[in-house]
């Protein structure tokens, strides 16, 4: 079996070069390093976000194997390798001016063809959601939300439309909810009102907003149940949530769809309201039965 040092080569500083290098060295890598290589190629976003220990657990190897893998490819260590995956995320989700440049240079270059592109991204997002969404995550989240006195909803930037929609839909369905106002400067004070009998629903996607993770982390330390909507099991919110719902949206020219996120928001709000209504109705029936029992057994009542 080849030693790790024997497969060192020129250092790949971007993801495509890394993928080409790993592919060319596939036959030379020891079994455990090959296992890491396969994991890295299947989960590039997780490679950008996790620690050596968390990624090793996911890849079912020892943390030292992650370091050996990086060094075998010529990197100084795991952090040096991880920079390749972090750069991939930055390139994949560019700033708005770069997105517009990509949009202008996309095939077709007309509003109609762009519409087709956005529709295709939405369809891809929904198909992926249908294939990967575990029903248990929605069920667990619904149980936590239905028991909450107040649902606090947190999210900024790209997540803000989802937060706004969740707050609106919960309100129309009679569920007490408070979207945290990130623009007023009172987000920390509003989130601090959440207590263990409440729940927090936090939304954050790559690149993750530090403010959302901060507010959610503070709530968790106060033992407030946290439900996270995010895009990776290694995302900051997923690491601390009671239940994490993972959504990976497709994009067109760097503009990510929100189609799957809105579908999940609809499912959560409707299921939560229905469950609360069912619990309230059951409690009312039980109360009426108890009242009839007491009236029949009151002293002096007719047999």
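Laboratory data are not the source of any read-out in this text; all were calculated from the coordinates shown. From a predicted model like this one, the values you see are computed outputs, not experimental measurements. In this analysis, Cβ positions are derived from the backbone assuming ideal geometry, glycine residues included, and neighbour counts consider all displayed protein chains.
Could you work out how much longer the chain between residue 87 and residue 11 gets when fully extended? Use 0.36 nm per residue separation minus the Cα distance between them, nm to one decimal.
Full extension from residue 87 to residue 11 adds 25.9 nm.
Between residue 221 and residue 38, what length in nm is gained on full extension when 0.36 nm per residue of separation is reduced by their alpha carbon distance?
Taking 0.36 nm per residue and subtracting the Cα distance, the gain is 62.2 nm.
Taking the beta-carbon count within 10 Å as an exposure proxy, list 152, 15, 208 from fewest neighbours to most.
208, 15, 152
Measure out, as a whole number of angstrom, how far apart the alpha-carbon centroids of segment 127-198 and segment 231-273 sit.
Here the answer is 12 Å between Cα centres.
Compute the FRET efficiency between residue 193 and residue 57 as 1/(1 + (r/R0)^6), taking r as their Cβ-Cβ distance and R0 = 45 Å, and round to the nearest 0.05.
0.80
Give the order of 160, 39 when sorted by the count of other beta carbons within 10 angstrom, beginning with the fewest.
In increasing order of surrounding Cβ atoms, one gets 160, 39.
Given the C-alpha atoms of segment 4-92, compute the convex hull and give its volume per residue in Å³.
Once divided by residue count, the hull of segment 4-92 is 77 Å³.
May I ask for the equivalent-ellipsoid semi-axes of segment 133-285, computed as the square root of five times each C-alpha gyration tensor eigenvalue and listed largest first in whole Å?
For segment 133-285, the ellipsoid semi-axes come out as 23, 18, 14 Å.
Fewest first, what order do 251, 231 take by the number of other Cβ atoms within 10 Å?
Arranged by neighbour count, lowest to highest, 251, 231 become 251, 231.
Residue separation times 0.36 nm, minus the C-alpha to C-alpha distance between residue 266 and residue 113: what's the value?
Extra length available between residue 266 and residue 113 comes to 52.2 nm.
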